Amino acid sequence: MLKKLCVGLMALFMSLTAVAAQGDRFQDGKEYVTLPFPVKTVDESKIEVVEMFGYLCPHCNAFEPLVHSWSEKQADDVEFVRIPVVFGRSWEPLARAYYVADLMDVVDQTHQAVFDAIHLQKKRFTDKDDLVDFYGSLGVDSDKFAKLYDSFAVNTKLNQGESKARGYEITGVPTMVVNGKYRITASSAGGHRQMLEVVDFLVEKERAAM
């Protein structure tokens with residue numbers, strides 16, 4: 001029991017030290033913005049980091065390898081979540097496809113492939129059939145994908161995603177949101193790599209406050 005307490009206190013000390021060491025390196029209203037109204041996270045015992053993205057966005061395509069690498073290095077107390085943003089009609093089919101892949105637990109095998117298809121192979125997905133065929137070519141069960149595409153579960157996820165986007169006051173992608181409180185963009189942070197540095201700073205800030 002004493003050993004666990006010591007380990008816990010050491011982790012807290014390290015978090016506080018990390019935040020203190022960075023000091024005012026990143027400032028609210030400059031490198032990041034504190035949201036006027038915090039958005040509730042799914043699991044309050046974790047530090048939720050959300051990436052708002054869109055498959056059609058070339059900046060999201062460039063950011064994907066960086067954020068993927070970053071996500072794989074996170075501690076167990078960090079929950080990484082992706083939410084596809086729908087800025088117009090052409091964005092919705094791909095957002096639906098992401099949610100279907102998420103429900104089928106095949107995001108890992110399809111996510112980068114969708115970016116590559118759009119930005120490298122110049123494919124255009126205009127409707128459900130295009131997406132069913134493409135995901136099928138990646139080894140995804142086409143019948144199940146087709147059934148889920150217009151399902152209540154996917155519609156619910158779309159509505160929840162739109163609600164989150166409004167709460168986060170999203171105007172462009174990629175955008176990162178830490179614990180429903182802080183919004184970071186490439187423009188505010190100074191670039192894609194810098195976005196993740198600011199995210200790390202805010203994760204430590206939240207970790208120290210828990």
Item to complete: Would you check if residue 67 is touching a Pro at 6+ places or on another chain (Cβ under 9 Å) and open to solvent by less than 40 Å² (accessible area, probe 1.4 Å)?
Response: yes
Being at pLDDT 95 or above, of a type in the set (S, T, N, Q) and over 21 Å from residue 89 (Cβ atoms) narrows 160, 109 down to just 109
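Out of the residues in the stretch 29-46 that are assigned to a loop (DSSP other than H, G, I, E, B) and touching a Phe, Trp or Tyr at 6+ places or on another chain (Cβ under 7 Å), state the one that is surrounded by the fewest Cβ atoms within 10 Å (Cβ to Cβ).
Within the stretch 29-46, the match that is surrounded by the fewest Cβ atoms within 10 Å (Cβ to Cβ) is 35.
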If we ask which residues in the stretch 173-190 are in a loop (DSSP other than H, G, I, E, B) and either free of Cβ contacts under 8 Å to residues at least 60 places away in the same chain or on the phi > 0 side of the Ramachandran plot (or both), their number turns out to be 3
Checked the stretch 12-45 for anything modelled with pLDDT of 95 or more and among the polar types (S, T, N, Q); matches are 27, 34, 41, 45
Output for Cβ contacts, cut-off 9 Å, separation at least six or different chains, first residue of a type in the set (Ser, Thr, Tyr) in the stretch 43-54, second open to solvent by 10 Å² or more (accessible area, probe 1.4 Å), reads 45/77; 45/210
If we ask which residues in the stretch 70-109 are aromatic (Phe, Trp, Tyr) and open to solvent by 30 Å² or more (accessible area, probe 1.4 Å), their number turns out to be 3
Filtering the stretch 46-74 down to residues that are in contact with a strand residue (DSSP E or B) (Cβ under 9 Å, 6 or more places away or on another chain) and of a type in the set (A, V, I, L, M) yields 47, 49, 50, 52, 67
The condition of being open to solvent by 40 Å² or more (accessible area, probe 1.4 Å), part of a helix (DSSP H, G or I), out of contact with any Ser or Thr (no Cβ under 7 Å at 6 or more places or on another chain) and within 24 Å of residue 45 (Cβ to Cβ) holds, among 194, 112, 160, only for 160
field: residue 145 vs. criteria touching a Leu at 6+ places or on another chain (Cβ under 8 Å) and more than 28 Å from residue 46 (Cβ to Cβ)
entry: yes
Worksheet entry | Qualifying residue in the stretch 142-149 (condition: in contact (Cβ under 8 Å) with a residue 12 or more places away in the chain, assigned to a helix (DSSP H, G or I), open to solvent by 30 Å² or more (accessible area, probe 1.4 Å) and in contact with a strand residue (DSSP E or B) (Cβ under 9 Å, 6 or more places away or on another chain)) | no
Checked the stretch 168-185 for anything open to solvent by less than 30 Å² (accessible area, probe 1.4 Å) and of a type outside the set (Val, Ile, Thr); matches are 168, 172, 174, 176, 179, 180, 182
Over the stretch 66-96, the set of residues in contact (Cβ under 8 Å) with a residue 24 or more places away in the chain, within 17 Å of residue 197 (Cα to Cα) and part of a helix (DSSP H, G or I) is 66, 67, 68, 70
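The values are calculated or read from the model by the stated rules, or taken from the named source; none is laboratory data. Predicted model only: the values in this text are computed from it and were never measured. Reconstructed Cβ throughout: ideal geometry from the backbone, glycine too, with neighbour counts over all protein chains shown. What goes into the accessible areas is simple: the full protein's heavy atoms, side chains included, and nothing from ligands, DNA or RNA. Shrake-Rupley method; radii C 1.70, N 1.55, O 1.52, S 1.80 Å.
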